[in-house]
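*Asks:* Provided herewith is a single structure, encoded as structure tokens, for subsequent inquiry.
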Amino acid sequence: MYVCLCQGVTDGQIRDAIYEGCCSYRDVRETLGVASQCGKCACLAKQVVRETLSEV
Ligand code: FES
């Protein structure tokens, strides 16, 4: 599922970024560029990050 259409970032990519060492929404944003354009995806992106962090 695409989380960020502007940057073409999927929830799977967000999860992978966390498994590979990102430990906050800010890290994920800097690594993948989510929410760097229109910003509409920020809420969903944060939610995916939060859910993934609670699993690892
Ligand atoms: Fe993510 Fe626009 S959908 S910045």
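*Asks:* Using the heavy atoms of the protein chains alone and a 1.4 angstrom probe, what is the accessible area of the chain per residue in square angstrom? Please list the in-between numbers first.
*Replies:* Details: 3570 Å² over 56 residues.
Accessible area per residue: 64 Å².
*Asks:* If you roll a 1.4 Å probe over segment 2-55 with all protein chains in place, what percent of the accessible area is carbon or sulfur? Write down the numbers at each step before the final one.
*Replies:* Details: 1540 of 3330 Å².
Carbon-and-sulfur percentage of accessible area, whole number: 46.
*Asks:* Further question on the same structure: Figure the gain on full extension for residue 27 and residue 53 (residue separation times 0.36 nm, minus the Cα-Cα span) and round it to one decimal in nm. Don't skip to the answer; put the middle values down first.
*Replies:* Values: separation 26, 0.36 × 26 = 9.36 nm, distance 1.22 nm.
Extra length from residue 27 to residue 53 when fully extended: 8.1 nm.
*Asks:* About the Cα centre of the chain, what is the dipole size in debye to 20, counting +1 per Lys and Arg Cβ and -1 per Asp and Glu Cβ, all else neutral? Write down the numbers at each step before the final one.
*Replies:* Details: 6 positive and 7 negative charges, 53 e Å.
Using only the charged Cβ atoms, the result is roughly 260 debye.
*Asks:* Sticking with this one: Is the C-alpha gyration tensor of segment 2-55 telling us rounded, prolate or oblate? Criteria: a/c under 1.5 is rounded; beyond that, a/b larger than b/c is prolate, otherwise oblate.
*Replies:* Numbers: a/c = 1.71, a/b = 1.56, b/c = 1.09.
Judged from the Cα gyration tensor, segment 2-55 comes out prolate (a/c at least 1.5, a/b above b/c).
The values are calculated or read from the model by the stated rules, or taken from the named source; none is laboratory data. These figures come from a predicted structure and were not determined experimentally. Glycine also receives a Cβ, built like all others from the backbone with ideal geometry; neighbour counts cover every protein chain displayed. Please note that ligands, DNA and RNA were not included when accessible areas were found on the heavy atoms of the full protein model with its side chains. Shrake-Rupley method; radii C 1.70, N 1.55, O 1.52, S 1.80 Å.
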